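Have a look at the structure below, then the notes.
The values are calculated or read from the model by the stated rules, or taken from the named source; none is laboratory data. Computed from a predicted structure; not experimentally measured. Every residue, glycine among them, receives a Cβ derived from its backbone with ideal geometry; neighbour counts consider all protein chains shown.
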Amino acid sequence: MMDLSDPATSEHARDVAELVPRVGRLVGIADEELEALELAARFHDIGKVAVPDELLMKPGPLDDDERRVMACHVEWGAELLRHLPGCEPIARFVRHHHERYDGCGYPDGLRGEEIPLASRVIAACDAYGAMMSDRPYRPALDPDQATLELVQGSGTQFDPRAVAAVLEAVDAAEHQSAQG
Ligand SMILES: [Fe+2]
């Protein structure tokens, strides 16, 4: 469904889903919770299937009304997943993936440790992945710029532990690919 409705979002979700378990392990998420984390990462934006295409594809910034509609994707996604047997934890992680560490995020304005750790991991990985890919309104940033933006949001938008873990995971992946 996600592939058909919005291939770019779907591809981005796959990139994020690859980074997430490595970051999850680094911040100490238990092995038995990693599967739920991975699934939440894969489906974190599934609520966007209900967001009109003209918003998803809009080549400029969204206005306030459009932003409000877009923000609903966290609740729509969580609501959809909540009704699947065994997916309640995944629904919770999806609901909170746009909370901010300083409490200024949505939908519930949770702050710091109130936000599920899995959601904090997804938020940092999602932002990094988004910066590293082309968007309708701007081209991809280079890795150094993306890293810098993530660090600048550490402690305000993002959990500092999650940011540190993303940098470590990305660094390790680069190291690995450099070694062939
Ligand atoms: Fe999202």
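Would you check if LEU84 is in contact (Cβ under 8 Å) with a residue 12 or more places away in the chain and closer than 18 Å to LEU37 by Cβ? No: the conditions fail for LEU84.
Residues in region 127-180 that are polar (S, T, N, Q) and either within 22 Å of LEU117 (Cβ to Cβ) or assigned to a helix (DSSP H, G or I) (or both): GLN145, THR147, GLN152, SER154, THR156, GLN157, GLN176, SER177.
Counting only helices (runs of 4 or more DSSP H) that sit wholly inside region 37-121, those with at least 3 residues that are modelled with pLDDT of 95 or more are 64-71, 73-82, 88-95. In region 4-19, the residues that are crowded, with 16+ Cβ neighbours inside 10 Å reach residues that are at pLDDT below 70 and among the hydrophobic types (A, V, I, L, M, F, W, C) with C-beta atoms within less than 8 angstrom, at least six apart or across chains, in these pairs: THR9/MET2; SER10/MET2; ALA13/MET2. Whenever a residue of region 42-67 is farther than 21 Å from ARG138 by Cα, its partners that are aliphatic (A, V, I, L, M) and within 12 Å of the ligand (Cβ to nearest atom), lying with C-beta atoms within less than 6 angstrom and at least six residues away or across chains, give the pairs ARG42/ALA13; HIS44/VAL94; HIS44/ILE122.
The residues of region 79-99 that are under 19 Å from GLY24 (Cβ atoms) and either within 16 Å of the ligand (Cβ to nearest atom) or buried (at least 20 other Cβ atoms within 10 Å of the Cβ) (or both), listed by number, are LEU81, ILE90, ALA91, ARG92, PHE93, VAL94, ARG95, HIS96, HIS97, HIS98, GLU99.
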